[in-house]
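Read the structure below first, then the notes.
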Amino acid sequence: MQHDQKQLHQIAQDYLCHMFTVEEIALLCNVSRDVVSKARGAADSPFFMNKCRPEWFLEWMRLHPNFQLTKEIVPSPDRVMAENPANCRATVIAPKRIKKLRTKSLAVA
């Protein structure tokens, strides 16, 4: 029987012994089934007999940043310069030439 996300949340709150499948964990935690399946296949997986609790999965995700879905934050140039000034080179950006447009004068007849 398929449950929607709201029903799964209610089951998770009401029945603390209930374990969830990969599909249900994906729906509960709002991640793809592929991510949950990869987590299930890890050596220290929170899954027991292919089932898990959402809080176990979320805690495991917090401890394994390589499974996170967020993009890597690119540090600002000031931070890079402060951390390792030897790797930074001064660059000069030449200003672009701006073409002036000539407008035709409109003669009123």
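Some notes on this structure:
- Charge sum, other residues only, whose C-beta stays under 15 Å from residue 61's C-beta, Lys/Arg counted +1 and Asp/Glu -1: +1
- In sequence order, calculated HN-Hα J values of the range 34-41 (Karplus, 6.51, -1.76, 1.60; Hz; x Gly/Pro): 4, 5, 5, 5, 5, 5, 5, x
- Net lengthening on full extension, residue 38/residue 64 (0.36 nm per residue, minus Cα-Cα): 8.2 nm
- Whole-number D in µm²/s for the range 5-65 (Stokes-Einstein; Kirkwood sum over Cα pairs; 4 °C, 1.567 mPa s): 113 µm²/s
- Applying the Karplus relation 6.51 cos²θ - 1.76 cosθ + 1.60 with θ = phi - 60° to the range 59-67 yields 3J(HN,Hα) values of 5, 4, 5, 5, 7, 10, x, 5, 9 Hz, where x marks Gly and Pro.
Read-outs throughout are calculated quantities, based only on the coordinates presented, and are distinct from any laboratory measurement. Given the structure is predicted, the values throughout are model-derived calculations rather than measurements. Neighbour counts run over all protein chains shown; Cβ positions are idealised from the backbone, glycine included.
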